[in-house]
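What follows is a short report on a single structure.
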Amino acid sequence: MARADRRSGGPSTPIPATPHGATLEQLLSAKEVVVTCGAGGVGKTTTAAALATMAAIHLGGRVLVLTVDPARRLADALGLEGIGNQERRVAPAAFRDAGLKPRGELWAAMLDTKASWDDLIRRHAPDERTRDAILVNPLYENITARFVQSHDYIAMERLHELHSSGRYDLIVVDTPPTRNALDFLDAPERMEEFFGGRLLRWLTAPMRNRVVGAASRPFLTIADRILGARFLQDIAEFFVLLQSMEKGFVSRARSVRQLMGDARTSFCVVTTLETAPAREAGFFVAELQRRKLPLGAVIVNKALPDDLLRNGPAMIASAFRDDAADLAGAVDGLVDGPTTRVRRVLSEVGESFANYAVVATREAEQRAELATTADVLVTVPILDEPVNDLASLVRLGQCCWR
């Protein structure tokens, strides 16, 4: 599955489209970037880790799962301690302990906003003087550490750096919950708009012009009075320095936007069929369609079993509920406890099955609607055990894979 083998002709070589009704295995084997997204609490992070794990086991090559969600759940799912900005390989011994022989390698990283910005400035500053001046500017630390949009943009930069390096055959990206994931997708365009916008001209005016234009003078006069001349100077100096890197920022932003929309990339919406997550999933699917971004799969977690929809179990449950007294009498003396207790248990079991069957019917209708939106629809049942190590990740992955 190495990228050199899959794309021997380079980035321009067409990648086959995934046929409708395909499997996740087919989808991931044809992609270089898979972006998982969905509401919070639906198992998105563990699903992303499970997909990467299965790809490493079955498809081979070097597979990276990258989380840009500030929550620190990926390390727990993979059993890694101290996961951070630098990619770490999941030890081959961990696979051996789980009785697995992967064809490839599994790597993991979690976005560190400040470290990623520092690396970006060091790599792309035009010279050492500019690099050092940016890194020690007081405003730089505040913006990179506290400004929300800086996290969204640097996440896209990090993805661009990892993908363009060619070190990984497949990158599975775990994004923040749905609405924040849209900020992640919007970040490159916002960066382009920022460099081309009026705000940047205002911010850099004190450094570039001793004579300020009439439109900017009132704003700068008030800001100088409230914030102080030194603060304005720090702002202006920082953005003048940043402006020296404008060409690279804009170029990479456009590259990332292109990557998000081309055949090398696919989006995977993870959801449950509870009301709020399902609504979020529908919203995100519509957003992807509006933006003409490739939706490859919808994964429905914690789904009720199809057995609830079969006639045989339903008939037995009806008998439990409607004929509980006769059935209890028939087993009188064969089970411990009074007949009234047996009758009550049978009735409650039958009623509970009927209630779950109603929910399962509604879920089946929701799944049928979702199946029309993506090439792959995967239904994952409620698992008996928590997903907290490599073996349980594989169990989850097996439910998704074929």
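The values are calculated or read from the model by the stated rules, or taken from the named source; none is laboratory data. Quick caveat, the model's predicted, so the values are computed rather than measured. As a convention, Cβ positions derive from the backbone with ideal geometry for all residues, glycine included, and neighbour counts pool all protein chains shown. SASA here: full protein model, heavy atoms, side chains in, ligands and nucleic acids out. Shrake-Rupley method; radii C 1.70, N 1.55, O 1.52, S 1.80 Å.
Structural remarks
- Qualifying residues in region 363-382 (those that are in contact (Cβ under 8 Å) with a residue 12 or more places away in the chain and more than 21 Å from the chain's Cα centre (by Cα)) - the one nearest to R310 (Cα to Cα): A364
- Selected residue (only one of V394, V342, V358 is part of a helix (DSSP H, G or I) and open to solvent by 70 Å² or more (accessible area, probe 1.4 Å)): V358
- Only one entry of E385, E369, E365, E348 meets the criterion of being of a type in the set (D, E, K, R), in a loop (DSSP other than H, G, I, E, B) and open to solvent by 30 Å² or more (accessible area, probe 1.4 Å), and that entry is E385.
- Residue check, L308 more than 22 Å from G397 (Cα to Cα), open to solvent by less than 50 Å² (accessible area, probe 1.4 Å) and outside any loop (DSSP other than H, G, I, E, B): yes
- Positions within region 325-353 being under 21 Å from D307 (Cβ atoms) and at pLDDT 80 or above, in sequence order: V345, L346, S347, E348, V349, G350, E351, S352, F353
- Boolean, L295 is at pLDDT 85 or above and touching a strand residue (DSSP E or B) at 6+ places or on another chain (Cβ under 8 Å): yes
- Pair list, Cβ < 9 Å and 6+ apart or interchain, from region 23-46 residues that are over 14 Å from P294 (Cα atoms) to residues that are of a type in the set (F, W, Y) and at pLDDT below 95: T23/W401; L24/W401; E25/W401; G38/F284; A39/F284
- Neighbours by Cβ (under 6 Å, 6+ apart or cross-chain): first from region 117-138, farther than 11 Å from L241 by Cβ; second of a type in the set (D, E) and part of a helix (DSSP H, G or I): L120/E157; P138/D234
Quick grid of which residues meet (1) modelled with pLDDT under 95; (2) surrounded by fewer than 23 Cβ atoms within 10 Å (Cβ to Cβ); (3) under 15 Å from the mean Cα position of the chain (by Cα):
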| position | (1), (2), (3) |
| --- | --- |
| S8 | yes, yes, no |
| T13 | yes, yes, no |
| A22 | yes, yes, no |
| Q26 | yes, yes, no |
| G40 | yes, yes, yes |
| I57 | no, yes, no |
| L80 | yes, yes, no |
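- Those residues of region 118-135 which are open to solvent by 20 Å² or more (accessible area, probe 1.4 Å) and assigned to a helix (DSSP H, G or I), in sequence order: D118, D119, R122, R123, H124, E128, R129, R131, D132, A133, L135
- Of the residues making up region 234-246, those that are aliphatic (A, V, I, L, M) and part of a helix (DSSP H, G or I) are I235, A236, V240, L241, L242.
- Test: residue in region 269-277 that is without any contact (Cβ under 8 Å) to a residue 24 or more places away in the chain and within 30 Å of D118 (Cα to Cα): no
- Scan region 247-305 for residues that are assigned to a strand (DSSP E or B), open to solvent by less than 40 Å² (accessible area, probe 1.4 Å) and farther than 19 Å from K31 by Cβ and the total you get is 4.
- Scope region 91-109; condition surrounded by 17 or more Cβ atoms within 10 Å (Cβ to Cβ), in contact with a Pro (Cβ under 9 Å, 6 or more places away or on another chain) and either at positive phi or not in a loop (DSSP other than H, G, I, E, B) (or both); matching residues: F95, E105
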